[in-house]
Amino acid sequence: MRGDLGRTGVSDSVIDDAVLILSELLSNAWRHGRPLRSDHGDVAVRAAWRIDEYGRLIVEVTDGGGPTRPIPANPSITARGGRGLNIITSLAEDWGVRDGSGEVTVWASLPAQDEFGDRIALLPGLGPDLDAGLGFADLDELA
């Protein structure tokens, strides 16, 4: 994935997010989904990524479905899992579930040309150079 997207000019920060999203989707498919069955008796899940006609990067994983519909959980602080869809929600512009015949696809979209600096929220009065001529004590007043 990293190599494919890098060759198409997708920014490194978007590639990092896409790799993490793919990892979370694959983990969920492995843990909660049933495998896809082929005509040859193979068992698998299917992963795919592409840039759509709107310039969005689409990452998706397809499995044979599971006993429940994918929804974000509210895990306790000590829980060993349950954060994957929340991570995807925070990184992606959008995500969803598409049902097919004997399969379920969970997808996420993010802008292919997004730059990390455009995705962080700056405090009022701070520009891209992060210098508003303020000291640390002044930042408390801005928050």
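The values are calculated or read from the model by the stated rules, or taken from the named source; none is laboratory data. The shown structure was predicted, so the numbers you read here are calculated from the model rather than taken from an experiment. In this analysis, Cβ positions are derived from the backbone assuming ideal geometry, glycine residues included, and neighbour counts consider all displayed protein chains.
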Worksheet item: Has region 35-57 got at least one residue that is assigned to a loop (DSSP other than H, G, I, E, B) and at pLDDT below 60?
Response: no
Item to complete: Collect the residues in region 102-111 that are assigned to a strand (DSSP E or B) and either out of contact with any helix residue (DSSP H, G or I) (no Cβ under 8 Å at 6 or more places or on another chain) or of a type outside the set (A, V, I, L, M) (or both), keeping them in residue-number order.
Response: Glu103, Val104, Thr105, Trp107, Ser109, Pro111
Discussion item. Restricting to region 10-46, and then to whatever is farther than 14 Å from Asp63 by Cβ and touching a residue at least 24 places away in the same chain (Cβ under 8 Å), can you tell me which residue is surrounded by the most Cβ atoms within 10 Å (Cβ to Cβ)?
Written reply: Ile21
Worksheet entry | Tally of residues being at pLDDT below 90, closer than 24 Å to Ile51 by Cα and in a loop (DSSP other than H, G, I, E, B) across region 80-101 | 0
Practice prompt. Considering only region 60-74, state which residues are over 15 Å from Ser90 (Cα atoms) and either modelled with pLDDT of 95 or more or in contact with a Leu (Cβ under 9 Å, 6 or more places away or on another chain) (or both).
Written response: Glu60, Val61, Thr62, Asp63, Gly64, Pro70
Worksheet entry | Test for Arg2: is it surrounded by 10 or more Cβ atoms within 10 Å (Cβ to Cβ), closer than 27 Å to Gly102 by Cβ and of a type in the set (Lys, Arg) | no
Discussion item. Looking at region 102-115, can you tell me whether even one residue there is modelled with pLDDT of 85 or more and more than 23 Å from Val19 (Cα to Cα)?
Written reply: yes
Practice prompt. Go through region 59-94 and give me each residue that's touching a strand residue (DSSP E or B) at 6+ places or on another chain (Cβ under 8 Å) and closer than 14 Å to Ala29 by Cβ.
Written response: Val59, Glu60, Val61, Thr62, Asp63, Gly64, Gly65, Gly66, Arg69, Pro70, Leu85, Ile88
Practice prompt. Would you confirm whether any residue within region 69-79 is in a helix (DSSP H, G or I) and surrounded by fewer than 12 Cβ atoms within 10 Å (Cβ to Cβ)?
Written response: no
